[in-house]
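The values are calculated or read from the model by the stated rules, or taken from the named source; none is laboratory data. This one's a predicted model, so the numbers in the text were calculated from it and none came from an experiment. Ideal geometry is used to build each Cβ from the backbone, glycine not excepted, and the neighbour counts take in all protein chains shown.
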Amino acid sequence: MHDLVNDLATFISGEFCIRLEEDDELKKITKKIRHFSCYEGGFDDSKKFEILSEAKGLRTFLGELGCSWQEHDNIGKMVGDCWEDFKALRVLSLSSFRGMELPNFVDNLKHLRYLNISNTQIKHLPDSLCNLYNLQTLILSLKITKLPTNMSKLVNLRHLDNSKAHMEEMPPQMGKLKNLIKLPVFVVGKHDDGSSIKELGKLQHLSEKLSLLNLENIQCINKDTTEVILKNKQDLSELKLEWKYGHGAKDSENERILLEQLCPCTNLNSLTITNYEGTSFPKWLGDSAFSKMASIELRNWDNCFSLPPLGQLPNLKNLKIKCFGKISSVGREFYGNTINPFRALECLSFENMPEWQEWVIFEGEVFSCLREIYIYDCPKLSGGLPVQLPSLTKLDIRGSLPNLFLSFSKLEYIGRRELNASLPNSPALHGKSVDIVGGVYSIFPFLSEFASVTHLNFFECPDLVSFPSGGLCAPNLSQIVIYECKNFKSLPERMHTLLPSLVCLELYGCRELESFPEGGLPSSLESLAIHGCEKLIYRRMELGLQGLHSLRSFTISNHCNELESFPEEALLPPNLTDFNILQLPNLKSLNGKGFQPLTSLKNLRIMRCSNLNCLLEDVLPASLCELEIFDCPLLKERYGNEKGEGRVKISHIPTISIL
């Protein structure tokens, strides 16, 4: 049905509309054409400009233009002559135009309603642009820093999109553009020349997003700000108030009064306040009348000693507090005067609060919907965090170490060291999971409460040596991953009885680990991977692997010593289905006696074993369905040729991949 409708629309509009894609053939353009669009490099030939000149009544031109009209004189003249005929053009998009200036012909398009120069290199607009009295939408490029002085002449302008432009100042008399609906950024000027904040008060219909920048330029607070009346701008949904960083407020009380008078409408959904240097906050910040407020970010409030009562906002979902240099305690004032503070909050972030020491816990229901907590660079925080967090799924702590434990679904606990986040991915997580990255520190005292944890993963924890005496009682634990814990020596005691649900064990770079605990691994284990654990592999015949009757997958990798022949007889259980032999540079041969019992083997993967030259074709299990060989030059030489003698000997294997 969709294709039929598309074909019908194309048939009906084909006489009036043309759309060119990359490599499209030239289409016939007649005087009837009103709408032309071109994308993905489909308009990079001057010849196409020439044929377009037939469309004298063109209303719409939308295109990503791959050429600069100033690059060649002949192209520039042809284009200029061509566009001289487009007197009726209403919509013009020059997206991705490579020229540095707006083409001269644009100011002749008296009927133009829409002009888009986003994603271009255009740095300034000519004053003649202000003669386009019918212009309703103007979308600016990233390079634009200033607007023409006579912008106030564009009285029909409704959408001035400067959200991507790096505006340094506003043109004078912006208040005359009374029809403006969209003005994402207003930069306050230093002088009363029409770019002052008073002009904003005359723009009654502003909606959606508004950022007020350089608020330090407001001189006469009462005179200027009372005329702004943000309260009356009922259609604003997002507001950003920003001073220049380190502007050095001469009077902190005046700074507070200014912020008080910039009180927005209660319909606001999102608020960001940056580089405020007052010592206290305005009365309206945290007022429960802002019932639609869903997101707040307060950044660089270095003179405030306390936080506003944001817990009173009934629908606040996201809160970010960053760079409050003088806060030493987050106390009751943060929760406000309400029975159930932060009842809708889902994500809470504290960052760079160097003096923060204590988080006063609210007595009663709080943070009932909180799912994520981020605490970064708060080195003095030593008190506990809220414990009753029934919805918490993620706790990310960096640069600080609260003494805490709580119930969670996914905990990311990051220690004192900075770490690269690109750690290896573990299998898909189900149920409750603990990821401990960089340091163990205070987590072990709470291991007795891990009854519901299903995944326990340690990444680069140098202080992890062993588990507490008596073992880890975690009946639901299904996975343990220990990655690059260089001092780790022993797995939990009594694993075979205390971890009855364990199905996956992965050991990476545990160079001090020599053996498994007494009693061995749980009989439930289905997947075992040993990577770079030299001492453990040295004693491989003592590990009791053959007794793991549920084991289906075994991976061994990154062992430089030993292992010239592998696997030994009676090392692996006969029920194994997946066998991965990876990065064993000294391996010279496969042990036939070790392979013969593997009568259930289906998948064999051999990777980066540079000295291995033979597969012992006669002893490979008949059950083998897939063989993958990667970066093994001698094996590739022997078996890589599909018609060669070696390949013929393993041709009974259904799927073979040799790279």
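Remark: ALA249 matches the filter, which requires a residue to be assigned to a loop (DSSP other than H, G, I, E, B), over 20 Å from MET170 (Cβ atoms) and in contact with a helix residue (DSSP H, G or I) (Cβ under 7 Å, 6 or more places away or on another chain).
What residue, among those in the range 267-284 that are among the hydroxyl-bearing types (Ser, Thr, Tyr) and at pLDDT below 95, is farthest from ASP302 (Cα to Cα)?
First pass over the range 267-284, keeping only residues among the hydroxyl-bearing types (Ser, Thr, Tyr): 270, 272, 274, 276, 279-280.
From what is left, the residues that are at pLDDT below 95 are 279-280.
Working: THR279: 8, SER280: 11 Å.
Among them, the one singled out is SER280.
The number of residues in the range 480-504 that are under 14 Å from SER523 (Cα atoms) and either touching a Cys at 6+ places or on another chain (Cβ under 9 Å) or of a type in the set (D, E, K, R) (or both) comes to 3. Screening the range 286-334 for residues that are aliphatic (A, V, I, L, M) and either closer than 17 Å to TYR276 by Cβ or touching a Gly at 6+ places or on another chain (Cβ under 8 Å) (or both) and picking the one that is surrounded by the most Cβ atoms within 10 Å (Cβ to Cβ) gives LEU313.
For SER600, indicate whether it is assigned to a loop (DSSP other than H, G, I, E, B), under 26 Å from LEU491 (Cβ atoms), under 45 Å from the mean Cα position of the chain (by Cα) and hydroxyl-bearing (Ser, Thr, Tyr).
Numbers: assigned to a loop (DSSP other than H, G, I, E, B): yes; under 26 Å from LEU491 (Cβ atoms): no; under 45 Å from the mean Cα position of the chain (by Cα): yes; hydroxyl-bearing (Ser, Thr, Tyr): yes.
Answer is no for this residue.
Would you point out the residue of the range 525-583, among those that are surrounded by fewer than 18 Cβ atoms within 10 Å (Cβ to Cβ), out of contact with any Asp or Glu (no Cβ under 7 Å at 6 or more places or on another chain) and hydrophobic (A, V, I, L, M, F, W, C), that is farthest from ALA622 (Cα to Cα)? Looking at residues that are surrounded by fewer than 18 Cβ atoms within 10 Å (Cβ to Cβ), out of contact with any Asp or Glu (no Cβ under 7 Å at 6 or more places or on another chain) and hydrophobic (A, V, I, L, M, F, W, C), I get CYS560. Selection within the range 238-275: residues that are buried (at least 16 other Cβ atoms within 10 Å of the Cβ) and among the small types (Gly, Ala, Ser). The member of this set that is farthest from ASP287 (Cα to Cα) is ALA249. Among the conditions (1) at pLDDT 90 or above; (2) on the phi > 0 side of the Ramachandran plot, the only one that LYS110 does not satisfy is (2). Annotation: of all residues in the range 469-488 being within 17 Å of PHE459 (Cα to Cα) and polar (S, T, N, Q), the one that is nearest to the chain's Cα centre (by Cα) is GLN479.
Apart from one condition, ASN254 fits all of (1) farther than 24 Å from SER328 by Cα; (2) assigned to a loop (DSSP other than H, G, I, E, B); (3) among the polar types (S, T, N, Q); the exception is (2).
Conditions tested, residue by residue: (1) in a strand (DSSP E or B); (2) in contact with a His (Cβ under 7 Å, 6 or more places away or on another chain); (3) of a type in the set (A, V, I, L, M).
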| position | (1), (2), (3) |
| --- | --- |
| PHE516 | no, no, no |
| LEU521 | no, yes, yes |
| LEU571 | no, no, yes |
| PRO574 | no, no, no |
| ILE581 | yes, no, yes |
| ASN586 | no, no, no |
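Residues to consider are ILE653, ILE556; find the one that is part of a strand (DSSP E or B), of a type in the set (A, V, I, L, M, F, W, C) and modelled with pLDDT of 90 or more. Spell out how you get there, then give the answer.
Details: ILE653 fails: part of a strand (DSSP E or B).
Testing whether each residue is part of a strand (DSSP E or B), of a type in the set (A, V, I, L, M, F, W, C) and modelled with pLDDT of 90 or more leaves just ILE556.
If you check LEU513, LEU499 for being in contact with a Lys or Arg (Cβ under 7 Å, 6 or more places away or on another chain) and either under 22 Å from GLN583 (Cβ atoms) or surrounded by 20 or more Cβ atoms within 10 Å (Cβ to Cβ) (or both), only one passes: LEU513. Scanning for something touching a strand residue (DSSP E or B) at 6+ places or on another chain (Cβ under 8 Å), of a type in the set (Lys, Arg) and at pLDDT 90 or above, does the range 172-183 turn up at least one residue? Looking for residues that are touching a strand residue (DSSP E or B) at 6+ places or on another chain (Cβ under 8 Å), of a type in the set (Lys, Arg) and at pLDDT 90 or above, one finds at least one in the range 172-183, hence yes.
Can you name every residue in the range 155-166 that is within 16 Å of HIS205 (Cα to Cα) and assigned to a loop (DSSP other than H, G, I, E, B)? Walk me through it before giving the result.
Kept after step one, since they are within 16 Å of HIS205 (Cα to Cα), are these residues of the range 155-166: 155-161.
Of everything in the range 155-166, those that are within 16 Å of HIS205 (Cα to Cα) and assigned to a loop (DSSP other than H, G, I, E, B) turn out to be VAL155, ASN156, LEU157, ARG158.
Evaluation of LEU507 against the conditions (1) at pLDDT below 95; (2) in contact with a Gly (Cβ under 9 Å, 6 or more places away or on another chain) shows that the sole unmet condition is (1).
Taking the condition crowded, with 18+ Cβ neighbours inside 10 Å, small (Gly, Ala, Ser) and assigned by TED's automatic domain parsing to the domain that holds VAL91, does SER163 pass? Steps first, answer last, please.
Values: crowded, with 18+ Cβ neighbours inside 10 Å: no; small (Gly, Ala, Ser): yes; assigned by TED's automatic domain parsing to the domain that holds VAL91: yes.
When the stated conditions are applied, SER163 does not pass them.
Quick check on GLN312: is it over 23 Å from the mean Cα position of the chain (by Cα), of a type in the set (S, T, N, Q) and under 18 Å from ILE397 (Cα atoms)?
Numbers: over 23 Å from the mean Cα position of the chain (by Cα): yes; of a type in the set (S, T, N, Q): yes; under 18 Å from ILE397 (Cα atoms): no.
When the stated conditions are applied, GLN312 does not pass them.
Inspection of the range 533-544 finds no residue satisfying the criterion of being farther than 26 Å from GLU484 by Cβ, touching a Phe, Trp or Tyr at 6+ places or on another chain (Cβ under 8 Å), in a loop (DSSP other than H, G, I, E, B) and not β-branched (Val, Ile, Thr). Restricting attention to the range 195-207, does a residue exist that is crowded, with 20+ Cβ neighbours inside 10 Å and among the β-branched types (Val, Ile, Thr)? Yes - at least one qualifying residue is present in the range 195-207.
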